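Have a look at the structure below before the remarks.
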Amino acid sequence: MASPSDPQLANRILRGLVFGLIAGVVTLAVGRFWPAALSAAQSVASSVLEPFGQVFLRLLFFVIIPLVFASLAAGVLQLGRPEKLGPLAGRTFLFFFLNMAIAVALGLLVMNIVQPGNFITSETKEAVMATYGGAAQKHVANQQQAQSGLTLMSLVEMFMPRNLFGAFVGNTRTTLGDVLPLILFAILVGAAGTTLPAERRIPLLHGLDTVSALMTRIVHFALRLAPYAVPAMIYSVVVRVGIEIVIALGVFVFCCAAVMALHLFGTMSVWLRLWTDWRPRAYFAAIKDVLVTAFSTSSSAAALPAALQNATERLRVAPSTAGFVLPLGTTMNMSGTALYEGCVVLFVAQVFGVNLGVGQQLTLLLLAVLSAVAVAAVPGGALPLVAGLLATFGIDPAGIGIILGVDRLLDMCRTATNVGCDITTTVVVDSLVKKSEERIPD
């Protein structure tokens with residue numbers, strides 16, 4: 001089986017997207033002169049193409065619960081006892097959190113200003129809701145109720161329901177459960193696991209890693225369907241909703257790519273000037289090979305060997321710092337992914353007419369950071385987590401079908417952002433550790 005990072009698979013997905021868009025636009029044009037043809041195409045899209053696309057989506061939905069739990073619990077568990085790692089760990093985790101939080105905040109700010117989901121009319125929004133089974137209408141009402149009754153007790157209920165399994169399993173076979181309490185439970189399991197003796201902690205970590213690897217393989221299976229499911233779904237959306245959704249999607253892609261570039265080359269440049277002796281122009285010239293590797297493979301894990309070599313040889317980072325921060329950053333410091341998750345949730349919410357207030361967006365910022373930690377460092381790893389976040393905020397998870405066609409392109413952008421921010425964080429932490437050591441008298 002070809003790897004999801006195989007350029008041929010990526011090219012086939014992008015070609016499928018273009019084919020689906022062109023076919024949909026041509027069908028709409030023909031429908032202006034021959035309405036019966038458009039009606040027939042819409043019928044085929046509804047009865048054949050949409051179910052086929054749902055097979056792809058449901059494979060992703062299958063893995064959400066075990067993948068979130070296993071990945072996040074393992075991520076916390078593998079830290080061991082952070083307090084024993086001293087200043088290096090403290091600085092590392094602080095910059096990890098700041099990096100992802102700033103990225104998500106920038107993404108949400110741009111999405112609120114531009115509002116790409118509102119580039120479509122209310123009539124088109126209703127058509128989108130109908131396209132995804134009408135479930136969104138119910139979720140809109142639920143979200144409005146949640147917003148009007150947001151209290152301290154309701155926050156406790158959101159994070160800590162009485163019936164944990166009932167919360168994330170869902171009430172019916174047609175709904176995706178609430179992922180938020182599962183995230184908290186996974187963190188608690190990981191934290192509790194760090195207190196176990198080594199003979200128990202290590203097998204637990206191996207078991208969680210095995211579950212995570214199995215779920216990732218299922219995601220790979222789903223991605224093998226992507227070259228066929230993506231054109232089917234994008235064609236179905238275009239012929240049933242109209243050309244407006246294509247325009248909104250284009251604006252969304254531009255906004256995501258622009259804000260990722262802003263964070264990587266803007267925020268990270270500020271960090272370099274504040275805490276290191278590097279000049280941004282020279283620094284990014286020094287790591288450009290690693291960024292190209294990350295962009296082309298769409299995998300933070302695949303870029304890790306190049307990043308380690310670059311950090312120690314060209315950036316003069318201490319091997320001990322690079323060996324600690326970079327591998328940990330590959331699984332935990334996912335600023336591009338967190339930014340992307342926040343943007344997708346807000347975009348799909350706008351398309352479905354779900355208004356997320358300030359409180360909900362602050363919660364989204366926190367959850368995007370936490371869930372990004374659980375994303376596997378492979379192409380397409382964020383898709384199940386995005387679906388889970390949509391469900392958490394009362395939005396039909398099938399709404400990810402709108403962005404699936406462009407996910408591969410944005411996956412390349414966010415992976416480059418992830419890896420670039422990992423290396424920058426490593427350089428910053430190394431600089432601060434060296435300066436603190438210089439202040440310690442011999």
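The values are calculated or read from the model by the stated rules, or taken from the named source; none is laboratory data. Quick caveat, the model's predicted, so the values are computed rather than measured. Heads up, the Cβs are rebuilt from the backbone with ideal geometry, glycines too, and the neighbour counts pull from every protein chain shown.
Observations, loosely collected:
- Considering LEU180, LEU204, the condition of being surrounded by 15 or more Cβ atoms within 10 Å (Cβ to Cβ) and either at pLDDT below 75 or of a type in the set (Val, Ile, Thr) (or both) is satisfied by LEU180 alone.
- When PRO397 is tested against (1) buried (at least 24 other Cβ atoms within 10 Å of the Cβ); (2) farther than 18 Å from ALA222 by Cβ, only condition (2) is not met.
- Residue selected from region 252-278 under the condition assigned to a helix (DSSP H, G or I) and β-branched (Val, Ile, Thr), by the criterion surrounded by the most Cβ atoms within 10 Å (Cβ to Cβ): VAL259
- Checking each residue of region 322-344 against the condition of being under 24 Å from GLY250 (Cβ atoms), of a type in the set (Val, Ile, Thr) and surrounded by 21 or more Cβ atoms within 10 Å (Cβ to Cβ) gives at least one match.
- Residues in region 207-236 that are closer than 27 Å to GLY20 by Cβ and among the polar types (S, T, N, Q): THR216, SER236.
- For the condition polar (S, T, N, Q), under 25 Å from MET111 (Cα atoms) and part of a helix (DSSP H, G or I), GLN350 qualifies.
- The set of residues in region 299-337 being within 23 Å of ALA105 (Cα to Cα) and not aliphatic (A, V, I, L, M) consists of SER300, GLY329, THR330, THR331, ASN333, SER335, GLY336, THR337.
- No other residue among LEU409, LEU383, LEU390 is at pLDDT below 80, under 16 Å from GLN54 (Cβ atoms) and not small (Gly, Ala, Ser) apart from LEU383.
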